[in-house]
Amino acid sequence: MCGIVGVVGGKSVTSLLIDGLKSLEYRGYDSAGIAVINNSEAINIKQVGQVELLERKTNESSLSVAKIGIGHTRWATHGEPTITNAHPHSNADGTVFVVHNGIIENYKEIRRILEKDGYTFISQTDTEVIPHLIDYYLKSNSDFKDAFIKALNDLSGSYAIAAIYTKTPDSIYVARLSSPLLIGVGKDQNYVASDASAIINHTQKVIYLKDYEMATVTTKKVQVHNFKRKADVKPEPESLDFDLEKARLGDFPHYLLKEIFDAPETIKLASAGRIRPKSNIVKLAGLESVQEQLKYIDRIVIVACGTSYYAGLVGEYLIEEIAGIPVEVQVASEFKYRNEPFSKNTALIAISQSGETADTIAAINKVQDYGVLKLGVVNVVGSTISRITDAGVYCHAGPELSVASTKAFIAQVTVLLEIALSLSDGKSKLYKPLINELAEIPTKLISILNQSDKIESLAKKYSKYRDFLYIGRGYAYPCALEGALKLKELTYIHAEGYPAGEMKHGPLAMIDSNFPSFVIATGSSLTEKTLSNVSEIKARGGPIIAVVSEGNKSIKNYTGDVIYIPKTLEQTQPLLVGTVLHLFAYHMAVILGKNVDRPRNLAKSVTVE
Ligand code: F6R
């Protein structure tokens with residue numbers, strides 16, 4: 001999600017802005033920018049990709065003497081991630097600069113009115129209406145604060161805004177409505193931010209702005225005004241009890257558990273601004289530049305490694321079922337050595353949390369000369385894969401610190417579902433039901449996370465076993481593979497994922513009372529078939545843990561070790577099932593005393609082949 005930082009007073013405003021933006025990186029973003037004022041002259045610098053690239057750009061210019069500035073990390077919603085769409089946005093004569101988090105719902109209407117009045121817009125963003133609107137009111141002889149308030153009164157939606165004006169180079173103007181904004185009170189320097197992590201290194205004293213409040217922040221003073229009630233408000237600074245490391249880890253004992261518990265938020269972050277249930281729209285800004293090419297795609301090849309590969313398998317089912325385009329998923333390390341034909345109507349989707357996985361990069365490089373459209377589903381902004389692909393959709397899961405991928409899997413499946421919906425162009429009968437259901441998944445996930453203790457008890461019961469089989473059919477099959485991988489890497493226990501229908505073709509021979517099976521039989525047309533496999537396992541004395549949908553009564557005939565997930569559409573089940581399997585592997589690893597965040601022999605980013 002977008003992030004805001006601002007600094008007024010002192011000497012090193014530019015480097016403080018860059019540091020602040022770096023601390024906001026964990027929220028996910030795809031471009032960044034700053035605007036500073038130096039002797040009534042403004043400098044606005046923006047960059048697509050990492051804040052580090054923006055930093056290099058700022059090093060090249062002479063910004064070091066600026067005493068006021070605002071910065072922003074943008075996560076594209078209205079318009080692609082480009083320098084023009086990045087914040088800060090300004091009015092035509094470059095005197096007003098604005099950064100904004102949230103969505104201005106009536107921006108099209110405001111834009112139309114301003115355009116009639118001669119205003120020209122250069123970006124596709126909703127934010128750009130704000131500096132022009134302020135400019136409009138400044139022209140009617142308002143002072144800046146006045147014009148700012150008049151503009152705020154015209155906006156509907158949600159926002160945290162920070163603005164600077166070259167003619168009042170001692171003040172940052174901020175406002176909020178349904179989007180967080182706080183003011184950091186320092187000594188000879190004040191700060192504004194959307195998130196305490198951006199300013200915590202400089203001050204512990206903060207004022208939290210409330211809805212409908214705006215503030216004028218100078219080096220020495222903070223004046224707060226409620227623009228709905230038209231009344232000044234006495235600012236009440238609070239002390240920030242905030243340890244950055246703790247803020248990231250919270251009360252969780254391990255990053256892995258925290259990241260599993262991030263799942264509901266991860267889905268919201270991966271779909272905010274992209275999935276709009278009210279208007280029935282799926283809008284992927286990152287694919288806008290290749291919309292025309294996408295119309296001619298008749299084959300998709302997905303390449304990835306490990307968990308990203310399993311997310312890709314879910315994506316295969318989703319894209320084929322929803323968009324009707326044939327998909328093939330290949331492990332990147334195999335793909336790169338195969339000799340297969342490609343046509344110009346093929347699209348390659350590379351999935352990667354880190355965006356730096358050597359095999360996946362090699363797979364992309366392999367198709368370089370075939371005219372294949374190269375797309376990325378990547379989490380780390382500005383990473384190699386995001387740069388060498390033609391277009392893509394960021395996962396926006398924020399940094400994943402634990403070596404094992406959990407929230408990245410959830411984000412990847414969400415993004416692949418969005419891609420499937422977007423490619424279907426609204427024609428699939430699943431389009432509307434899935435848009436609506438995706439909005440329900442975060443709540444359903446909470447009910448799964450609430451079962452963490454129960455899953456821990458099951459893990460205790462099963463922690464003595466040294467072999468596991470994970471089975472499922474349809475969408476549950478890639479989940480079985482992911483569950484087995486997570487158990488292997490976190491506990492070093494042997495586990496295999498199998499299509500349930502394959503049991504009779506070999507694996508059934510392994511089953512005895514020492515070989516448990518983890519069965520995923522969540523509600524689908526295939527559940528009965530999976531349950532017939534379960535009866536074969538039971539008949540051979542194999543212990544069974546089952547994940548089923550609420551309301552399934554027949555499972556009790558086979559096992560008492562059951563985890564129930566809320567009812568959902570078959571296509572969104574992997575998001576719920578994935579979280580159950582992640583929790584089970586986590587608890588097993590803790591019970592067995594393993595290093596859950598740093599499993600032996602593994603690296604977070606596999607940058608060698
Ligand atoms: C499993 C895991 C790995 C990664 C794989 C690909 O939990 O973390 O299997 O999924 O190494 O990494 P990325 O997604 O960074 O390309």
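Each reported figure results from applying straightforward, stated rules to the coordinates on display, with no laboratory input. Fair warning: this is a prediction, and the values are worked out from it, not measured in the lab. Neighbour counts are summed over all protein chains in view; Cβ atoms, including those assigned to glycine, are modelled from backbone coordinates with ideal geometry.
A simple spin-label model places the labels of T84 and S158 2.8 nm from each other, with each point 7 Å out along Cα-to-Cβ. Extension gain for K504 to Y465 (0.36 nm times residue separation, less C-alpha to C-alpha distance): 11.8 nm.
Efficiency by 1/(1 + (r/R0)^6): what FRET value for S15 and A439, r their Cβ-Cβ distance, R0 = 45 Å, to the nearest 0.05? Once rounded, the FRET efficiency stands at 0.65. Given R0 = 22 Å, the distance between the Cβ atoms of N39 and D146 translates into a calculated FRET efficiency of 0.35.
Report the far tail of the P(r) of the stretch 3-242, meaning the percent of Cα-Cα pairs longer than 30 Å. Here the long-distance tail beyond 30 Å is 16 percent of all Cα pairs in the stretch 3-242.
In sequence order, the stretch 536-542 has phi-based couplings of 5, 5, 4, 4, 9, x, x Hz under the Karplus curve 6.51 cos²θ - 1.76 cosθ + 1.60, θ = phi - 60°, and Gly or Pro positions carry x.
Calculate the FRET efficiency for N345 and E115 from the Cβ-Cβ distance with a Förster distance of 45 Å, rounded to the nearest 0.05. In this case the efficiency is close to 0.70.
Multiplying the residue separation of Y337 and A231 by 0.36 nm and removing their Cα-Cα distance gives an extension gain of 31.3 nm. Gyration tensor analysis over the Cα atoms of the chain returns equivalent ellipsoid semi-axes of 47, 26, 22 Å (largest first, whole Å).
For the peptides 45-52, 84-91, the ranking by mean Cβ contacts within 10 Å, running from highest to lowest, is 84-91, 45-52.
For E238 and E328, the difference between the fully extended length at 0.36 nm per residue and the C-alpha to C-alpha distance is 26.9 nm.
Given the -39500 (n - 2.57) contribution per DSSP H run of 4+ residues, what per-residue ellipticity at 222 nm results for the chain, rounded to the nearest 500 deg cm²/dmol?
-10500 deg cm²/dmol
For the stretch 255-444, the gyration tensor built on C-alpha atoms gives an oblate shape. Its axis ratio a/c (a ≥ b ≥ c) is at least 1.5, and a/b is not larger than b/c. Volume per residue of the convex hull around the Cα atoms, evaluated for the stretch 70-212, comes out as 108 Å³. Between L592 and Y296, the modelled labels are 5.1 nm apart [label points 7 Å from Cα along Cα→Cβ].
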